[in-house]
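To start, the structure itself, in structure tokens.
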Amino acid sequence: MSASTMSGVELGFVEAIDEKWKLLSHYFPSKVGGRPAWLVLNPLPTADDIRCGICGKPCTFLLQIYAPLDEHERCFHRTIFLFVCRDPHCSKANDSRNVKAFRCQLGKINDFYSSEPPDESCFDSTVSHPKADDHQPLCRVCGCSGPKTCARCHRAAYCSKEHQTLDWKTGHKRVCSADPEGGNSTSSSYSVTYLFPEYELVMEEEVELGGEEPEKSEAEKMREYKEYLTAFQEKGSLLADEDASNDLDKMATATDIDREFRKFKKRVNLEPNQVLRYQRGCEPLWVSADHIPSADDLPKCSCGGERKFEFQVMPQLLYHLKVDDVGASLDWGVLAVYTCSESCQPHNDGYQQEFVWKQDFSTDTKKT
Ligand SMILES: [Zn+2]
Ligand SMILES: [Zn+2]
Ligand SMILES: [Zn+2]
Ligand SMILES: [Zn+2]
């Protein structure tokens, strides 16, 4: 009989949530989709900070993870936010310019929240709760800082020209000026057109099973590899490409299959629904031996500190985002987030941009 041990990795899973109030800022949530529940309520990242490095359009909020650190008082609260460009054309292999990461943190005594933990048993809507739009207007579309306003009604706020245009076309045109109250009420129609579906991100520790698995035959490994790729990439760019799928058929022997990929699959099979792996200071679980960063590839933080790995977003999350389009889709194998090893205090006590490394499934596992 084999023993099971905790691996030290925290796994993230998405869960539908009815009590949406539990995802508000003062509950310090980890969540996927919807609008960001900002931790530091002011200053927020600017619209320019959040623009895609490829097309220049605003990125969409992907997820946030609440990750306080015991070693620093300034990190009593600490959250990392990820944004990604929705445009599938910006999803290029092994290129992370379409993803943005921001870290912020607060001491136990801070300007925004009580030092007492929030009451999680019920939500009192008669009390006003700390939120970012008490400090600055938020964009009606994306929930980021919205310094621009509609020129006609001067009420509706936006992060950017792009979101003002989007809002105008999807409903503001009808209510602008017509509704003296409703100028800045947020519309639910965005959840369909722009925001990702909202989930709670629940963390659990990974359990590793001891003992060695019997070695599989080469044919078996090949079959599993194909199944795996098909499952993840069904409507994605990889297998929509005829050549790529023929390539898979032509792969000579399973010894060509990337060893990193087999390691990845074996590990993920312990908990196939994981969407995130958190293990600060350790190594990501790579999907391929190609495109793994060396120390030189990881830029130092603006404080001069080294960056180290903190967590990775798994390709399973793509399922829950409902972004698949025929022939083109947002895609990744690993989104590895590297943060300042000192978790230094960000400029103006706001948000520090951190570094993301993107690794995709290898389409060329055939070595000559
Ligand atoms: Zn883009
Ligand atoms: Zn916006
Ligand atoms: Zn207006
Ligand atoms: Zn730093």
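The values are calculated or read from the model by the stated rules, or taken from the named source; none is laboratory data. Here the structure is a predicted model, which means the values were calculated and not measured. All Cβ positions, glycine included, derive from the backbone under ideal geometry; neighbour counts span all protein chains shown.
Please find, within region 120-175, the residue that is farthest from ligand 1 (Cβ to nearest atom) out of those that are charged (D, E, K, R) and more than 24 Å from Leu63 (Cα to Cα).
This residue is Asp124.
Being part of a loop (DSSP other than H, G, I, E, B) and either hydrophobic (A, V, I, L, M, F, W, C) or buried (at least 23 other Cβ atoms within 10 Å of the Cβ) (or both) is the filter here; which residues of region 74-121 pass it?
Within region 74-121, Phe76, Cys85, Ser91, Ala93, Asn98, Ile109, Phe112 qualify.
Look at Ile50 and say whether it is within 16 Å of ligand 4 (Cβ to nearest atom), touching a strand residue (DSSP E or B) at 6+ places or on another chain (Cβ under 6 Å) and not charged (D, E, K, R).
Considered against the rule, which asks whether it is within 16 Å of ligand 4 (Cβ to nearest atom), touching a strand residue (DSSP E or B) at 6+ places or on another chain (Cβ under 6 Å) and not charged (D, E, K, R), Ile50 comes out as no.
List pairs: first in region 128-157 and within 20 Å of Tyr194 (Cβ to Cβ) and within 8 Å of ligand 2 (Cβ to nearest atom), second of a type in the set (D, E, K, R) and in a helix (DSSP H, G or I), Cβ under 8 Å, 6+ apart or cross-chain?
From residues that are within 20 Å of Tyr194 (Cβ to Cβ) and within 8 Å of ligand 2 (Cβ to nearest atom), the pairs are Arg140/Asp167; Val141/Asp167.
Starting from residues that are among the hydroxyl-bearing types (Ser, Thr, Tyr) and either within 16 Å of ligand 4 (Cβ to nearest atom) or over 18 Å from the mean Cα position of the chain (by Cα) (or both), keep the ones in region 3-45 and report whichever is nearest to Glu204 (Cα to Cα).
By that ranking, first place goes to Ser7.
Across region 53-73, which residue is farthest from ligand 4 (Cβ to nearest atom) among those that are among the β-branched types (Val, Ile, Thr) and surrounded by 17 or more Cβ atoms within 10 Å (Cβ to Cβ)?
Among those residues, the one meeting the criterion is Thr60.
Can you tell which of Leu41, Leu11, Leu82 is away from ligand 1 (no atom under 16 Å from the Cβ) and closer than 26 Å to Lys108 by Cβ?
Leu41
From the list Val323, Val337, Val313, which residue is closer than 22 Å to Ser30 by Cβ, at pLDDT below 95, crowded, with 19+ Cβ neighbours inside 10 Å and of a type in the set (Val, Ile, Thr)?
Val323
Of all residues in region 48-77, which are charged (D, E, K, R) and either within 16 Å of ligand 2 (Cβ to nearest atom) or touching a Ser or Thr at 6+ places or on another chain (Cβ under 7 Å) (or both)?
Correct list: Asp48, Asp49, Arg51, Lys57.
Looking at (1) at pLDDT below 95; (2) outside any loop (DSSP other than H, G, I, E, B), can you tell me which one Lys367 breaks?
If we test Lys367 against (1) at pLDDT below 95; (2) outside any loop (DSSP other than H, G, I, E, B), just (2) comes out false.
Of (1) over 20 Å from the mean Cα position of the chain (by Cα); (2) of a type outside the set (A, V, I, L, M, F, W, C); (3) part of a strand (DSSP E or B), Asp296 satisfies all except one. Which?
Of everything listed in (1) over 20 Å from the mean Cα position of the chain (by Cα); (2) of a type outside the set (A, V, I, L, M, F, W, C); (3) part of a strand (DSSP E or B), Asp296 misses just condition (3).
Name the single residue, out of those in region 156-199 being assigned to a loop (DSSP other than H, G, I, E, B) and at pLDDT 90 or above, that is nearest to ligand 3 (Cβ to nearest atom).
Ala156
Of the residues Leu63, Leu41, which single one is closer than 19 Å to Cys159 by Cα and assigned to a strand (DSSP E or B)?
Leu63
I'm checking my understanding of the structure. Among residues of region 64-106 that are aromatic (Phe, Trp, Tyr) and in contact with a strand residue (DSSP E or B) (Cβ under 6 Å, 6 or more places away or on another chain), which one is farthest from ligand 3 (Cβ to nearest atom)?
Tyr66
Consider Val202 carefully, then state whether it is farther than 23 Å from Asp134 by Cα, away from ligand 2 (no atom under 16 Å from the Cβ), β-branched (Val, Ile, Thr) and modelled with pLDDT of 90 or more.
So Val202 fits the description; yes.
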